[in-house]
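Working notes for the structure below.
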Amino acid sequence: MSENGFDPTIVAFVCNWCTYTAADLAGTARMVQSPNVRLVRMMCTGMVDPKYIIKSLLSGADGVLISGCHPGDCHYINGNYKARRRVKLLKEILGRFGIDERRVKLTWVGASEGNEFAETVNHLVEEIRELGPGEAAGMQVV
Ligand code: FES
């Protein structure tokens, strides 16, 4: 719990081959990382449908992380490029619904970068903590 009493919840869609492995490495190496992140293991960031991101925000997540293989390293050739395009478009429309686009973040974290993963989640949790509770929780979708 922070000084302002707000403890954000982050949903992280992570690629099995890179970021999930990095998260596992960070855990086994006992790197200090925020407990606010709920990992969802995907085979590739290219499988992250924008609906999953929106559903997470509507269901109470204060932030969403999508993280996978570095450009050029995707095990399905171009899944991460697809994810990058989708996230860019999604971020452009979130503001129209009153949702701060900074709540959605896309990163590349390779399998050997456990330290990078821990730093990414810790930094994101602090960013979301500063933004405050998510605007989308409880919004009615017709
Ligand atoms: S397999 Fe990792 S992003 Fe595609």
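Each reported figure results from applying straightforward, stated rules to the coordinates on display, with no laboratory input. The structure presented is a predicted model; accordingly, all values stated were derived computationally and were not measured. Positions of Cβ are generated from backbone atoms using ideal geometry, with glycine treated the same way; all protein chains shown enter the neighbour counts.
Numbers below:
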quantity: Positive-pole candidate from CYS74, ASN122, PRO8, dipole of the chain, charges at beta carbon; calculated: CYS74
quantity: The chain, relative contact order [Cα under 8 Å, separation at least 6], %; calculated: 37 percent
quantity: Only Lys, Arg (+1) and Asp, Glu (-1) charged, at Cβ; the range 60-114 dipole about Cα centre in debye; calculated: 260 debye
quantity: Added length on full extension, which subtracts the Cα-Cα distance from 0.36 nm per residue, PHE97 to ALA29; calculated: 20.4 nm
quantity: Using a Förster distance of 22 Å, the FRET efficiency for HIS70-ALA137 (Cβ separation, nearest 0.05); calculated: 0.10
quantity: CD proxy at 222 nm, helix term only [per DSSP H run n ≥ 4: -39500 (n - 2.57); per residue of the chain; nearest 500]; calculated: -12000 deg cm²/dmol
quantity: Charge dipole (the chain, unit charges on Cβ, about Cα centre) - positive-most of ALA83, GLY134, VAL64; calculated: ALA83
quantity: Full-stretch length increase - ASP49, ASN78 - with 0.36 nm per residue and alpha-carbon distance subtracted; calculated: 9.0 nm
quantity: Angstrom value of the Kirkwood radius, inverse mean 1/r, which spans all Cα pairs in the chain; calculated: 15.1 Å
quantity: Within a Gaussian network of the chain (alpha carbon springs, distance under 10 Å), most fluctuating of GLU116, GLU127, GLU92; calculated: GLU92
quantity: Charge dipole (debye, nearest 20) of the chain; +1 at Cβ of Lys and Arg, -1 at Cβ of Asp and Glu; calculated: 640 debye
quantity: Nearest-20 debye value, the range 13-65 charge dipole, Cβ charges on Lys, Arg, Asp, Glu; calculated: 80 debye
quantity: FRET efficiency, 1/(1 + (r/R0)^6) with R0 30 Å, evaluated for ARG38 and ASN115 via beta carbons; calculated: 0.90
